[in-house]
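The structure appears right after this line, and notes come after that.
The values are calculated or read from the model by the stated rules, or taken from the named source; none is laboratory data. Keep in mind the model is a prediction, meaning the values are calculated, not measured. Quick reminder, even Gly has a Cβ in these numbers, built from the backbone with ideal geometry, and neighbours come from all protein chains shown. Ligands, DNA and RNA are excluded from the accessible area calculation, which covers all protein heavy atoms including side chains. Shrake-Rupley method; radii C 1.70, N 1.55, O 1.52, S 1.80 Å.
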Amino acid sequence: MRNSNFIIAIFFLLTGGLTMAQSHNEEVTVEGVYIPQIKKSERVVKTPEMPKNEFVIPKYELNTADFFYRYNIDLEPISPQQYKNDDYNEVVNNFIKLGFGTRISPDFIFRHYSDISKKSSLGIGLLHNSTWLPMKDYPNAKYMNNAFNVSMTNRFSRFQLHSYIDYDYDMYYLNPDLDIMTADGCYSKRNIHALNVKLLANNNETSYQSLYNEYLLDYSYSGIQGGMQENLAKLKAHVEHSNSWFRNGDGIQTLAVDINADIDNINQTLFLIAANPYLAFDGEYYNLHLGFRVDAKTNSTNLGGIYPDIKGSLYLFNRNMEFYSGLGGKTKINTLKEILSENPFIISDLKEFAEFDYEKTRLDFNAGLRFKVLNKLGGHIGLKYKMVDNHVFYVRSEERLNTFDIILNDCNIFNLNIDIHYKLKDDLKLAANFSYNKYDMLYSQGNDSLINALEENVNQKAWYKPEFEFTLKGVYKLNEQWDFSVATYFEGKRYDLSNYSIVNELKPIVDIQLGCDYNMNENLSFYCEIKNLINNKYQMYYGYPSYGFQMFVGFKYRFL
């Protein structure tokens, strides 16, 4: 088991940056002498597999997907917004999906991957999803999402170079029922463009006693046509060396450093640089990560901070049970890219956005338990507590009521999360998630008139943040031809603010989705998906209801 633990430890050290061993499902048996390897995987799955229905539960996030290492195969076409599921990481290549929905909603995904030579690989992806029929209570509910992706891997004698280009174009209509026509055209369509280019280079060292390094250059353009534009560049470097300096033959140790530099330009230039050195230990029964993070920034009276970076895990029962805890913190730039991915209906000028400065997590504590029983039952119970300065929230704009303004709150956030996964044989799988979120709202900043009104008239709430969330998913394989799936999502009450003084309570979200696949053969399947079965037109943001009942039919085909 010692050698097995070497493999597991190295895998997580490299691919997750020591994320406290969040998964330990690998079961490897090694006989004889084994030399630990630290060669990175190419992060691309070459074997095509037929994706099944995977429902994407609403999480406020627009599907301007970052196709860095993966594709989201099944979309959530139920709203003027498209949502993505952070838990769905399946990569499927050489695949096409084409379907249509009841509101004349095309749903198209194409993904191709091939080795064009012994040392080069190419991937191409296309995505389109849209809805063109209006809704009775929201005539401008039409929307469109488009994405194009090219990725390439070139292998050289001493290093590998991974290149990625992503372009996204999304179109939405602002709701005219919430406002009167203004000079800047509140009725107009909202066009959001996003371009992302990434270059990742890593060496080919294979011995754990060699120096491993990788470097990432990441450029993003995000903008509202006719409105705010952002240019964001990120530079990342990772260097590490693994050996058995302590307790030779019983675990490995890794000395590493991460260096990040972010440059963001909207109305002014913001710059953030951070260094994170650490020493990690991994043994048969434990994982320990000891480090610190120091960062410095511009355009702020507080030049930076020093934060602990401490993580640890204790493994029991052949790593089938893990107790973990961690303590950290960081500073990051509040970017337009992140804000648009969460709420595409913000005001278009954001003249004071650059003054919003940085989000600082002064304290980030987490602890919990992960377990697996007989490869059938698995779960996670986790607690998180954060002390955050300048956390982003959205309230309706006083000047243009069909858009949303931004405020930044200092707040303390407590989260309890419970995940349970159960597999009854191979034909029935169930998963459930429960989350409790408590926000202790403190000081606010942003638009001066908004903040003054809030302080005078409103008891601050965590606008649009639910206190309770619950998800239940199930997959049933009847036979080789028929697969069925179901997902139910519940989100508790949320609060909206209008006129800087009126608090509205939005009704809970209840979304039930069904799916069915008929497999003609290994390569061709016909599918049917029902979204929002009970026709609940809940509002993720005030004035922008999700679509009611929708049904999609189509086919999925994989090719070699």
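Summarising the amide proton neighbourhood of residue 141: residues at separation of 5 or more, or on other chains, whose placed amide H is nearer than 5 Å comprise 135. Report the extension gain between residue 133 and residue 188 in nm, rounded to one decimal, defined as 0.36 nm multiplied by the number of residues separating them, less their alpha carbon distance. Gain on extension, residue 133 to residue 188, equals 18.1 nm.
Order 370, 111, most accessible first, counting only protein heavy atoms with a 1.4 angstrom probe. All intermediate terms of the calculation are to be shown ahead of the outcome.
Values: 370 40, 111 15 Å².
Sorted by accessible area, descending: 370, 111.
When a/c is below 1.5 the answer is rounded, else prolate if a/b is larger than b/c, else oblate, so apply that to region 283-337 with a ≥ b ≥ c taken from the square roots of the Cα gyration tensor eigenvalues. Here region 283-337 falls in the prolate category.
A cut-off under 9 angstrom between Cβ atoms defines the neighbours of residue 463, and their net charge, with Lys, Arg +1 and Asp, Glu -1, is +2.
Under 18 Å from the 7 Å Cα→Cβ point of residue 375, by amide nitrogen: which residues of region 404-442? The answer is 421-430.
Seen through its C-alpha gyration tensor, with square-root eigenvalues sorted a ≥ b ≥ c, region 199-344 comes out prolate because a/c lies at 1.5 or above while a/b is bigger than b/c. Taking K and R as +1 and D and E as -1, what net charge do the other residues with C-beta under 9 Å from the C-beta of residue 197 add up to? With Lys, Arg at +1 and Asp, Glu at -1, the net is -1.
Starting from the Cα gyration tensor of region 285-428, take the square roots of the eigenvalues, sort them a ≥ b ≥ c, and report rounded, prolate or oblate (rounded when a/c is under 1.5, otherwise prolate if a/b is larger than b/c, else oblate).
Verdict is oblate for region 285-428.
With 28 Å as the limit, write out which pairs from 438/537; 360/461; 384/473; 118/429; 337/438; 189/493 have Cα-Cα distances beyond it, or answer none.
Details: 438/537 26 Å; 360/461 20 Å; 384/473 24 Å; 118/429 39 Å; 337/438 26 Å; 189/493 30 Å.
In this structure, 118/429; 189/493 exceed 28 Å between Cα atoms.
Taking 0.36 nm per residue of separation and subtracting the Cα-Cα distance, full extension of the segment from residue 422 to residue 325 would add 32.5 nm.
At 0.36 nm per residue, minus the direct Cα-Cα distance, what do residue 229 and residue 298 gain on full extension? Give it in nm, one decimal, please. Write out the running numbers ahead of the final one.
Values: separation 69, 0.36 × 69 = 24.84 nm, distance 2.01 nm.
Once the chain is fully extended between residue 229 and residue 298, it gains 22.8 nm.
If R0 is taken as 35 Å, the Cβ-Cβ distance between residue 118 and residue 526 corresponds to a FRET efficiency of 0.40. Only protein heavy atoms count here; on that basis, with a 1.4 Å probe, residue 391 has an accessible area of about 40 Å².
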